[in-house]
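Here's the structure we're looking at; comments come further down.
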Amino acid sequence: MIFNMLITPGILVKMLGEREYATFVNGMFPSVPEKTLRNVLKGESNPQKKTIEKMIRDICARTGLEEGVALKVLSPESRQPWKTAFAGAELSAGTPQSMQYAFEVIVRIESAIYQAENAKQKGDSRWFNRFRRAGLPSEILPKQFFDAYLHHGAGSVNKQGQRRVPVLSGKVFLRTSLYCLAALEVAFMKSEEEYAKVGLWVDKAMPSYEDERLVGPMRHMFLGMMKYLGKSSAVKFAEVLPSLKNDFPDPENQRRKILRWMRGEEPPSWETMFMIRDELFDGNSDLLVNYGVARFLQNLFNDLLKHAVPKFFKDEQELVAVFQEYPKWQEHHQKGFAEWSEARDCG
């Protein structure tokens, strides 16, 4: 699909840890055989009717939902996965009311993408008008993006069988993703007190440069942890991690392990982060939220660095520069949320 401008729930799962997620999901659906559930999660097979019925019964048993509502949420025919996911989230009593703002923003974008793609497949020459319903600022979705598709044969296949995609597509994808992330962040910040601080750390995790040295999301996170604990180096940090000592008794191996984590070459497992939280941060769940954000951004950055440079971004510096635009979208949604909230109060 040439309009895959959003990170889907399935892609997000892989970024945050497919193995850990699969373990969690297995516990949610005890009636479904593990192999069947694994194949469905990986997209290797579509769930059969009897599998869907078992999943619905499991969810209803855990949540108290009516089967008709659960069936709508789990429908495999949905072409708008975020709309389906948010419909399920809205049924949860634990979802802050402020999240409705982010739901509306993201579903509007997803719907516009789906409608534009559907129109183009049907031969509608004005398919790009559907994108106007997305509500994206022109800095994210400029006119040049459509001109590239309409007038330069973009989206067609060349002699090597490769699909031609405008160079601008990389920036459109990344900016759209960051725009959606900022909507979620602001919605959390405007919610009840227990949720309000969740998003405050996001902009600090964006890739940046310090003294011309790249500082990626995971490095930002671990430097913050080390500062909080008063540790000046990876060696000092390793000394206070009992869980790491058990797996890597040699201090040099401990240091190398932490440096790999900080470089974003491999993330620590969620199990490891749970232990670090309990050992050093008094069980504070904020650490896991920060880690989830850093892991997502690091995986996104790594993937773009590997596959989008120099195809869509001329170099690493240009890629980092787009990530650094994030505060702009954060400010945009601060204003958007205020207007949305005022309209709801007046209504």
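Please work out if E271 is part of a helix (DSSP H, G or I) and open to solvent by 30 Å² or more (accessible area, probe 1.4 Å).
On the way: part of a helix (DSSP H, G or I): yes; open to solvent by 30 Å² or more (accessible area, probe 1.4 Å): yes.
Judged against the criteria, E271 is a match.
Residues checked against (1) among the acidic types (D, E); (2) open to solvent by less than 80 Å² (accessible area, probe 1.4 Å); (3) in contact with a strand residue (DSSP E or B) (Cβ under 8 Å, 6 or more places away or on another chain):
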{"residue": "E265", "(1), (2), (3)": "yes, no, no"}
{"residue": "F281", "(1), (2), (3)": "no, yes, no"}
{"residue": "K306", "(1), (2), (3)": "no, no, no"}
{"residue": "K311", "(1), (2), (3)": "no, no, no"}
{"residue": "E331", "(1), (2), (3)": "yes, no, no"}
{"residue": "F337", "(1), (2), (3)": "no, yes, no"}
Next on the checklist: Can you tell me how many residues within the stretch 113-134 are more than 16 Å from I7 (Cβ to Cβ) and assigned to a helix (DSSP H, G or I)?
Outcome noted: 14
Checklist entry - Taking F301, is it surrounded by 14 or more Cβ atoms within 10 Å (Cβ to Cβ) and either at pLDDT below 95 or of a type in the set (A, V, I, L, M) (or both)? => result no
Checklist entry - Quick one: how many residues across the stretch 293-316 are without any contact (Cβ under 8 Å) to a residue 12 or more places away in the chain and not charged (D, E, K, R)? => result 3
Checklist entry - Which one is least open to solvent (accessible area, probe 1.4 Å), of the residues in the stretch 188-210 that are aliphatic (A, V, I, L, M) and at pLDDT below 90? => result V202
Item to check | Which listed residue is out of contact with any Asp or Glu (no Cβ under 6 Å at 6 or more places or on another chain), closer than 28 Å to L6 by Cβ, in contact (Cβ under 8 Å) with a residue 60 or more places away in the chain and open to solvent by 50 Å² or more (accessible area, probe 1.4 Å), from V289, V322 | outcome: V289
Next on the checklist: So for the stretch 108-118 (the condition being among the aromatic types (F, W, Y) and over 21 Å from G10 (Cα atoms)), does at least one residue qualify?
Outcome noted: no
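The values are calculated or read from the model by the stated rules, or taken from the named source; none is laboratory data. Nothing here was measured: the structure is a model prediction, and the numbers come from that model. Neighbour counts run over all protein chains shown; Cβ positions are idealised from the backbone, glycine included. We work out accessible area using only protein heavy atoms, side chains counted, and drop any ligands, DNA or RNA first. Shrake-Rupley method; radii C 1.70, N 1.55, O 1.52, S 1.80 Å.
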